[in-house]
Amino acid sequence: MSSRKYKNLHTKEKPLAERPIRFLHIADIHLGFRQYNSFERERDFFLSFESAIERYALPLHEGDPPQVDFVIIAGDLFDSRTLQPITLSRTTHVLSLLKEEGIPVFAIEGNHDAARWHRDQEPNWYDYLAGEEMMIYLRDYTRDGQIHLEPWSDEELRGSYYDFNDEIRIVGTHWYGATAHNMLGQLEEALAGLPPKPFNIVMFHGGLTDYVNEMHAGISYEQLLPLREYIQYFALGHVHKRYERQNWVFNPGSLESCKIREYFEEHGLFVIEVGDGEVAESFHHTDYYSRPFISMHMDCDLYKTPEEVEAAVHELVADQGKAQLHKIKATWPEDIDYAAPVCQLEFTGTLGFPFSEIPMKSLEPWIKEQLGAFMLRYINDTTPLDYGQEEDYKERDGRIDRALLEKKIFQALFHLDTRFRPWSDPLSRFATTLKQRLIDDEIAEEELGEIIEKIDELLKTEGKIEEDPEEQEALTQELGALLNETDGQEDITAAPAEESAQTSFLEEGV
């Protein structure tokens, strides 16, 4: 991906000596994440990283100075502490671009790529990259249960803080996890013990409790306030959406969308300008390569047949899907190659028939064609019909009334399909009787085929009827006649005697 035609959108470029110190803040890059088990999505995370660096860090044109003085990565450069060779290769490719331009990279670990045990001794991939002089890996150290901050050593390639110049210091911390709020007091003491600097950047992988979403390790803004005296820029990672507080706490969000909902939350990168010991300007950007998403929701409560759902999906794609696609294309950067979207279609509500009857095999390629989608994911989150509680089927002695339970299940199955719902009562009684006669070998196989054909014809001729007692009775008589024709057994239209003494499942409904 070439980005030398990129335009600098955040400020008019000045010679390096004439402009304020400027740095790029990114986090949660998650290189190596194979989302949806897709190699192409795995590559997208690398392309986002490469695009962000080319667009907002490297020189825009040959002979230009770099756009920033340094880059900070606030954790989760990788999605896992175990790397595939292609992930390491892609990482070193981007970092080497920065190294060639003399742009230092300062990084800390995150929860995804941190060493699991003995962090002070166990090497990780950050150590390897530091050894290759592609980054300066910063983290604090624990001795005697207390946090210690040590200056960076070029000889040992380790340390907690790095003095970039006379004004700016960059401090790194390790992943504290759920103990983060307990460690802030120690961090405050450690920062207070350092030689003073006008502008201190502290990188920290953790989220404010106001913004933590389905994650842990949250800390409150009030818990951070005692550190304000020693920190001019608190560089956060971990939470995948952008937020900032009081011009000193900044969280850029992830570069790519690790979950579909993240696409619809603002996330990206910060370009920060430093002046007079404080943040002079902050620019948040999202206009680098990042694959778009289209999310559609289908409430199935309104539809009675697979054909109705199929038609509704067509309408949904034409309306909601096309509207999202139009917005994506309208806001896509002109100087970045377009990326086909990932589409998600979620089915919810109570489906009136088996989900398998929705023709997804034909709908899927049609939707992808209509929206020019890279992939379609559909989620069946419909609610199955409830058969009731066990207590509903117990007799007086506590045993399960299996006959009643069986009838309830048959009725529920018919009720689940909206095409048969009006006849669920007579059909369930018919199915119960038919099942027992098949078990007792009272109906031959050829007779069963004839019965099924007659039922199909009967339901077609009945049409769509309301749940009217007279209609129900008429259908019950006709269904009973089918079985009575075969062997002259008892009429199924009469309710069993034991049901007259209790509220039957036919009277209760589902």
Taking region 338-373 and keeping residues buried (at least 18 other Cβ atoms within 10 Å of the Cβ) and among the aromatic types (Phe, Trp, Tyr) leaves 347, 353
For region 151-175 the number of residues that are surrounded by fewer than 21 Cβ atoms within 10 Å (Cβ to Cβ) and in contact (Cβ under 8 Å) with a residue 40 or more places away in the chain is 4
Residue 373 vs (1) assigned to a loop (DSSP other than H, G, I, E, B); (2) at pLDDT below 75: all pass except (2)
Considering every residue within region 220-235, establish whether at least one is of a type in the set (A, V, I, L, M), in the same structural domain as residue 74 (by the TED database) and within 21 Å of the chain's Cα centre (by Cα). no
Per the list (1) modelled with pLDDT of 95 or more; (2) touching a strand residue (DSSP E or B) at 6+ places or on another chain (Cβ under 7 Å), residue check on residue 102 breaks on (2)
Residue 244: passes all of (1) modelled with pLDDT of 95 or more; (2) within 19 Å of the chain's Cα centre (by Cα) but (2)
In region 17-60, residues that are in contact with a helix residue (DSSP H, G or I) (Cβ under 9 Å, 6 or more places away or on another chain) and at positive phi total 2
* To do: Could you tell me whether any residue of region 280-290 is buried (at least 21 other Cβ atoms within 10 Å of the Cβ) and closer than 17 Å to residue 35 by Cα?
  => yes
Over region 48-69, the set of residues among the aliphatic types (A, V, I, L, M) and either surrounded by fewer than 22 Cβ atoms within 10 Å (Cβ to Cβ) or not in a helix (DSSP H, G or I) (or both) is 57, 58, 60, 68
Scanning region 245-277 for residues that are farther than 24 Å from residue 66 by Cβ and acidic (Asp, Glu), the one surrounded by the fewest Cβ atoms within 10 Å (Cβ to Cβ) turns out to be 266
Of the candidates 72, 29, the one satisfying the condition of being in a loop (DSSP other than H, G, I, E, B), buried (at least 21 other Cβ atoms within 10 Å of the Cβ) and in contact (Cβ under 8 Å) with a residue 60 or more places away in the chain is 29
Considering residues that are modelled with pLDDT of 95 or more, outside any strand (DSSP E or B) and within 10 Å of residue 137 (Cα to Cα), the number found within region 153-170 is 2
Within region 316-363, of all residues that are hydroxyl-bearing (Ser, Thr, Tyr) and within 26 Å of residue 304 (Cβ to Cβ), the one nearest to the chain's Cα centre (by Cα) is 348
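The values are calculated or read from the model by the stated rules, or taken from the named source; none is laboratory data. Just so it is clear, the model here is predicted, and its values are computed rather than measured. Cβ sites come from the backbone with ideal geometry, for glycine too, and all protein chains shown count toward neighbours.
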